[in-house]
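Okay, so here's the structure we're looking at.
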Amino acid sequence: TNADLYFGKHALYNNAYTYNNKTMFLFEARKYQKENINYLLNMVDNLYLTEENVEKEKGIILSEQRMGANRNGRIIARHIDYMLLKTYPTIDCIIGSPDDIKSISKKELEECFKTFYNPQNMAFFVAGDVDHENILKIINENQSKKERHNYKIDAKKHDEPEELNIKKDSIEVFINVPKSY
């Protein structure tokens, strides 16, 4: 992607992932702080979608889903969610089924972007030996140049029952290194 190319030249490390309630964009850099911060902020503020790149991304997501489906940590975590929760949305796989992925449209992605990728629903974290005042200045300068629309996020309320969905259960997975949750 363009972000991979950009951060490949300007950062030591970059990655992105989505979990049940968040999407994370990570980068690590010792130089180009202002450039990297501005790039990241502009990237999450501007969506560039074509029918072609939506179709390409569907293939990438399907591939990631296949790879993740057999990861023991993910299998265990999903099973724990299933045991604990009855109605909360995280019991459903965030990535969706293969049919869900194949059927998503450019229009749906644009609507999700407008709803969730806005400053009302974002946090920006900086760690390390940095000039935090300068970082805030960079962020404020970047954001002050942008017109904002207030999108309302209608979060659904879930009344999760007090009792566990399943009180006792077991699953078998092969684990090279013991894990505990």
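The values are calculated or read from the model by the stated rules, or taken from the named source; none is laboratory data. Keep in mind that this is a model prediction, so the values were computed, not measured. We place every Cβ from the backbone using ideal geometry, glycine too, and count neighbours over all the protein chains shown. For accessibility, only protein heavy atoms count, side chains too; no ligands or nucleic acids. Shrake-Rupley method; radii C 1.70, N 1.55, O 1.52, S 1.80 Å.
Among the residues making up the range 57-77, those that are open to solvent by less than 80 Å² (accessible area, probe 1.4 Å) and under 21 Å from D169 (Cβ atoms) are A69, N72, G73, I75, I76, A77. All conditions in (1) touching a helix residue (DSSP H, G or I) at 6+ places or on another chain (Cβ under 6 Å); (2) in contact (Cβ under 8 Å) with a residue 60 or more places away in the chain; (3) not in a helix (DSSP H, G or I) hold for F27, with the sole exception of (2). Close contacts from the range 34-58, counting a first residue that is over 27 Å from L12 (Cα atoms) and a second that is open to solvent by less than 50 Å² (accessible area, probe 1.4 Å) and part of a loop (DSSP other than H, G, I, E, B), with Cβ to Cβ under 8 Å and a gap of 6+ residues or different chains, come to V54/S105. Restricting the range 33-43 to residues that are open to solvent by less than 100 Å² (accessible area, probe 1.4 Å) and out of contact with any strand residue (DSSP E or B) (no Cβ under 7 Å at 6 or more places or on another chain), the residue that is nearest to S105 (Cα to Cα) is M43.
Of all residue pairs spaced 6 or more apart or on separate chains, those with beta-carbon atoms under 6 Å, a first member in the range 89-105 that is under 13 Å from T18 (Cα atoms) and a second member that is at pLDDT 70 or above are T90/D81; I95/Q65. When the criteria are applied in full, I104 fails the requirement of being more than 30 Å from Q143 (Cβ to Cβ) and aliphatic (A, V, I, L, M).
The condition (being of a type in the set (K, R) and within 30 Å of P161 (Cβ to Cβ)) is satisfied by just one residue among R66, R71, R30: R71. Once the range 118-140 is narrowed to residues that are aliphatic (A, V, I, L, M) and within 14 Å of N42 (Cβ to Cβ), the residue that is least open to solvent (accessible area, probe 1.4 Å) is I138.
A count restricted to the range 94-105 and to residues that are at pLDDT 90 or above and exposed (fewer than 13 other Cβ atoms within 10 Å of the Cβ) stands at 3.
Screening L47 against (1) loosely packed, with under 14 Cβ neighbours inside 10 Å; (2) out of contact with any helix residue (DSSP H, G or I) (no Cβ under 6 Å at 6 or more places or on another chain) leaves a single unmet condition, (2).
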